[in-house]
1. Identify, among I64, G53, V98, the residue whose Cα sits farthest towards the positive end of the charge dipole of the chain, taking +1 on the Cβ of Lys and Arg and -1 on the Cβ of Asp and Glu, with the dipole about the Cα centre.
2. For E91, E49, E103, give the ranking by accessible area with the largest first, probe 1.4 Å.
3. Compute the angle between helix 79-91 and the longest alpha-carbon principal axis of the chain, please, reported from 0 to 90 degrees and rounded to the nearest 10.
4. Over the chain, what relative contact order in percent results from Cα pairs under 8 Å that are six or more residues apart?
5. Can you compute the modelled spin-label distance between N62 and Y90, with each label point 7 Å from Cα toward Cβ, in nm?
6. Run the simple label-point estimate for D28 and D12 please: 7 Å along Cα→C-beta, distance reported in nm.
7. Please check which bits of segment 11-45 a label hung off H97 would reach, taking the label as a point 7 Å along Cα-to-C-beta and the cut-off as backbone N under 15 Å.
8. With everything on Cα atoms, drop me the angle between helix 54-64 and the longest principal axis of the chain, reported from 0 to 90° to the nearest 10.
Amino acid sequence: EQGIVVGDKGIDGHGYVLADRSCQLSPDGWGRRAVQAYVDFKADVIVAEKNFGGEMVRFTINTIDPSVPVKLVNASRGKAVRADPVSALYEQGKIHHVGVHPELERWRN
């Protein structure tokens with residue numbers, strides 16, 4: 001599954017999940033889905049993990065639309081360890097879901 005989540009940081013410093021566009025598609029399929037989310041939400045950038053196929057993500061996105069900026073970040077730890085800070089922010093009430101995102105909320109509980 002390719003995780004495609006639209007998020008934003010509010011003026012209150014809290015994180016907001018605006019959409020979950022996660023899917024199980026071919027590179028062209030998830031690339032088009034990510035670019036459409038970028039367009040739909042007038043995003044600033046698409047962020048991808050560099051060391052888990054990031055260059056392929058950049059190539060795929062830029063093949064679909066070369067004007068979409070892609071920022072690659074290094075994921076230095078495993079998924080469970082990387083999730084800990086996000087879990088803590090949820091527990092502190094600093095992450096909010098705008099709308100209903102059943103698949104994300106299934107994992108959150």
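The values are calculated or read from the model by the stated rules, or taken from the named source; none is laboratory data. Keep in mind it's a predicted model, so treat the numbers as computed, not measured. Cβ: placed from backbone, ideal geometry, glycine included. Neighbour counts: every protein chain shown. Each accessible area value is taken on the protein alone, full model and side chains, heavy atoms only, with ligands, DNA and RNA left out. Shrake-Rupley method; radii C 1.70, N 1.55, O 1.52, S 1.80 Å.
1. G53
2. Ranked from most to least accessible, the order is E91, E103, E49.
3. That works out to roughly 50 degrees.
4. The value is 27 percent.
5. The answer from the label model is 3.4 nm.
6. So the label points at D28 and D12 sit 4.4 nm apart.
7. 16-22
8. Computed tilt is about 60 degrees.
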